[in-house]
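Taking it in order: structure first as structure tokens, then the write-up.
The values are calculated or read from the model by the stated rules, or taken from the named source; none is laboratory data. Please read all numbers here as calculations on a predicted model, not as lab measurements. For neighbour counting, all protein chains shown are included, and Cβ atoms are generated from backbone atoms with ideal geometry for every residue, glycine included. Please note that ligands, DNA and RNA were not included when accessible areas were found on the heavy atoms of the full protein model with its side chains. Shrake-Rupley method; radii C 1.70, N 1.55, O 1.52, S 1.80 Å.
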Amino acid sequence: GIMINKWLITEPKGKRKGCVIALPGRAVPGEMMDKFANHFGLRDSMIVVLEPELLRWYPQPNGPADQVDAVAGLAEAVRIVNQKIGTIQRAFHLKRQQIAVAGYSAGAV
């Protein structure tokens, strides 16, 4: 299964009202996504970047006619991200409606 290699957490400048979980694209290190997400201008939102092991959320498709492994991997990625949302909710005492998920490229899939 997918393992989260790294968590990058940036607390807001103002009072924490919510959280954005930012998911980097394939081969994009968490630090790059962290820089990008911290330019969202969300003064009252904590930013949490989850970097997947091997810098991928699911196997790369082999082409338009062979995406079986990639599609199967998406279900696992969704399960892992949902699990991490629960962890963040508990750790930071947030309600689900206070959490948004944003992604770049394969992290947005």
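The angle between the Cα long axis of helix 68-92 and the main principal axis of the chain comes to about 20°, on a 0 to 90 degree scale.
Here the Gaussian network model covers the chain, with springs between Cα atoms less than 10 Å apart; of 48, 68, 28, 68 fluctuates the most. Structural descriptor for the chain: relative contact order 37 percent, calculated from alpha carbon pairs under 8 angstrom and at least 6 residues apart.
A compact globular protein would have a Cα radius of gyration near 2.2 N^0.38 Å; the ratio found for the range 1-55 is 1.13. Checking the cross-link filter: which aspartates and glutamates have an alpha carbon closer than 19 Å to that of residue 84, excluding same-chain neighbours under 8 positions apart? List returned: 11, 31, 34, 51, 53, 76.
Each stretch of four or more DSSP H residues adds -39500 (n - 2.57); spread over every residue of the chain, this sum gives -10000 deg cm²/dmol at 222 nm. Take residue 7: with every protein chain present and a 1.4 Å probe, its accessible area is about 100 Å². For the range 64-109, taking the reciprocal of the average inverse distance between every pair of different Cα atoms yields a Kirkwood hydrodynamic radius of 12.2 Å. Accessible surface of the range 1-106, 1.4 Å probe: 55 percent of it comes from carbon and sulfur atoms.
When only alpha carbons are used to place a centre, the range 62-109 and the range 2-51 end up 14 Å from one another.
Annotation: per residue accessible area for the chain equals 60 Å², rounded to a whole number [probe 1.4 Å, protein chains only]. Charges were assigned to the Cβ only: +1 to each Lys and Arg, -1 to each Asp and Glu. The resulting dipole of the range 21-109 about its Cα centre is roughly 400 debye. In loop segments of the range 29-104 as defined by DSSP, the trypsin sites (Lys or Arg not before Pro) with at most 11 further C-beta atoms inside 10 Å of their C-beta are 43, 95.
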